[in-house]
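K.L.:
Starting off with a structure, shown below.
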Amino acid sequence: MYSDKKINQAFQWAKELYGRWGIDVEKVVQAMEGVAISMHCWQGDDVGGFEDPEGDLTGGIQATGNYPGKARSADELRQDLGQAFSLIPGKHRLNLHAIYLETGGKKVDRDEITPQHFSKWVDWAKEKGIGLDFNPTLFSHPKADDGFTLSHPDQGIRDFWIEHCKRSRKIGEYFGKELGTAAVTNIWLPDGYKDIPVDKFSPRERLKDSLDQILSENIDKEYNLDAVESKLFGIGSESYVVGSHEFYLGYSLKNDLLLCLDAGHFHPTEYISNKISACLLYLDELLLHVSRPVRWDSDHVVILDDELQAIAQQIVRPGFLDRVHIGLDFFDASINRIAAWVIGTRNMLKALLIAMLEPTATLKEYELNGDLTARLAILEELKAYPWQAVWNYYCAENNVPVGEDWFTEVRNYEKEVLSNRNS
């Protein structure tokens with residue numbers, strides 16, 4: 001549909017227009033090559049994992065829909081991921097949860113997981129030339145059924161989850177050593193109360209002690225970066241969540257950790273784009289989980305909306321690309337799962353590209369000099385600039401489908417591969 005000649009003609013026109021503002025479009029395209037989005041494995045199988053494929057999701061996790069063709073094994077999931085990566089420009093990463101281990105059919109509880117249970121993932125990542133990130137899985141387990149894990153009042157249950165998280169950090173270290181790029185190992189837990197608790201302090205005191213034990217072993221940041229993730233509320237924890245934003249902001253500052261900001265883990269009118277610049281005044285690095293909340297933490301597929309563009313702007317404008325780790329977090333089982341990955345990841349990249357094509361220095365100068373009229377006028381005119389021409393060129397240079405052509409490949413894959421999983 002898109003000829004090389006037309007793509008190049010449009011790109012030359014875009015270079016001319018953006019060049020008027022001193023933007024070197026060639027350098028922007030080159031900078032995009034250095035962007036790595038951490039794509040989440042759990043979109044491919046509705047957060048089921050391979051620990052117990054028949055197990056029910058608990059802990060505030062809910063995937064809705066029953067679109068045919070979900071991955072039923074690690075091999076099928078890797079196949080689907082490979083298809084998705086082939087339709088996304090650039091070289092990216094994969095984010096794994098602990099429940100995506102491979103045990104050869106042997107029962108392995110979460111306090112027993114080891115790097116060998118993820119060796120096939122490492123082999124696959126080496127073949128693809130990508131990095132891996134990791135997450136302990138503190139939900140969908142009998143020892144999390146009452147809604148508490150690392151802050152549980154039962155010491156034995158806390159010890160179980162502490163050991164799980166310790167082992168998860170060692171798996172992250174293993175990924176970093178094997179792949180030559182540090183894994184981000186992110187801790188999120190669902191702990192909280194459905195109704196208003198009398199004692200809000202003690203669970204947080206227990207959580208702090210558990211985290212202190214988990215992080216007691218020093219692991220070189222060349223191999224593993226620790227992150228902690230907050231949440232405001234969730235299913236079953238509508239009134240109180242132990243790991244709140246304030247708790248983890250303080251904990252990450254005190255312990256030199258990455259703070260994870262998830263777009264769905266705040267009040268519906270509260271945006272993580274507004275938090276990035278504030279947090280990076282005090283933290284060295286941030287982790288983002290980019291999602292799209294609709295009514296709650298519903299984890300809809302990322303679209304190119306105002307908030308996604310604002311997130312990208314607050315990464316690019318201050319020059320934070322090397323201080324912000326961008327991960328995605330959504331799981332929609334009502335549509336083709338590979339299409340969901342491709343749509344969400346391509347949109348995150350589009351938002352970053354648009355932000356990179358902005359004449360930020362000039363706009364800052366207008367702002368500093370009080371010329372707010374010029375700031376508004378130029379920002380609005382830039383919305384009609386041909387960033388799509390640069391995007392199409394970037395895709396063509398990376399040998400991935402331009403425009404909507406990727407969707408034809410997804411439909412073909414659905415017909416040839418996914419449809420056969422239901423027979």
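K.L.:
Please go through the range 227-249 and pick out each residue that is modelled with pLDDT of 95 or more, acidic (Asp, Glu) and outside any helix (DSSP H, G or I).
P.N.:
Once the filter is applied, which keeps residues that are modelled with pLDDT of 95 or more, acidic (Asp, Glu) and outside any helix (DSSP H, G or I), the range 227-249 yields only 229.
K.L.:
Out of the residues in the range 280-324 meeting the condition of being part of a loop (DSSP other than H, G, I, E, B) and under 13 Å from the mean Cα position of the chain (by Cα), tell me which one is surrounded by the fewest Cβ atoms within 10 Å (Cβ to Cβ).
P.N.:
301
K.L.:
Which pairs turn up if I take residues in the range 351-372 that are among the acidic types (Asp, Glu) and look for partners that are assigned to a helix (DSSP H, G or I) with beta carbon separation below 6 Å, at least 6 apart in sequence or on another chain?
P.N.:
Once the first residue is among the acidic types (Asp, Glu) and sits in the range 351-372, its partners that are assigned to a helix (DSSP H, G or I) give 367/375.
K.L.:
What residue, among those in the range 201-226 that are assigned to a helix (DSSP H, G or I) and of a type in the set (S, T, N, Q), is surrounded by the most Cβ atoms within 10 Å (Cβ to Cβ)?
P.N.:
Looking at residues that are assigned to a helix (DSSP H, G or I) and of a type in the set (S, T, N, Q), I get 210.
K.L.:
Taking the range 116-161 only, how many residues are without any contact (Cβ under 8 Å) to a residue 60 or more places away in the chain and in a helix (DSSP H, G or I)?
P.N.:
22
K.L.:
Moving to a separate point now. List the number of the failed condition for residue 331; all other conditions in (1) touching a helix residue (DSSP H, G or I) at 6+ places or on another chain (Cβ under 8 Å); (2) at pLDDT 95 or above; (3) closer than 20 Å to residue 232 by Cα; (4) not hydroxyl-bearing (Ser, Thr, Tyr) hold.
P.N.:
(2)
K.L.:
Can you tell me which residue in the range 230-279 is nearest to residue 220 (Cα to Cα), limited to those that are over 19 Å from the mean Cα position of the chain (by Cα), buried (at least 20 other Cβ atoms within 10 Å of the Cβ) and of a type outside the set (Gly, Ala, Ser)?
P.N.:
By that ranking, first place goes to 251.
K.L.:
Now for a separate question. Identify the residue in the range 325-343 that is under 17 Å from the mean Cα position of the chain (by Cα) and not in a helix (DSSP H, G or I) and, among all such residues, is surrounded by the most Cβ atoms within 10 Å (Cβ to Cβ).
P.N.:
Across the range 325-343, the extreme among qualifying residues is 329.
K.L.:
I need the full set of residues from the range 362-374 which are out of contact with any Lys or Arg (no Cβ under 9 Å at 6 or more places or on another chain), surrounded by 12 or more Cβ atoms within 10 Å (Cβ to Cβ) and not acidic (Asp, Glu), in order please.
P.N.:
Across the range 362-374, the qualifying residues are 362, 374.
The values are calculated or read from the model by the stated rules, or taken from the named source; none is laboratory data. What you are looking at is a predicted structure, and each value in this text was computed from that prediction instead of being measured. In this analysis, Cβ positions are derived from the backbone assuming ideal geometry, glycine residues included, and neighbour counts consider all displayed protein chains.
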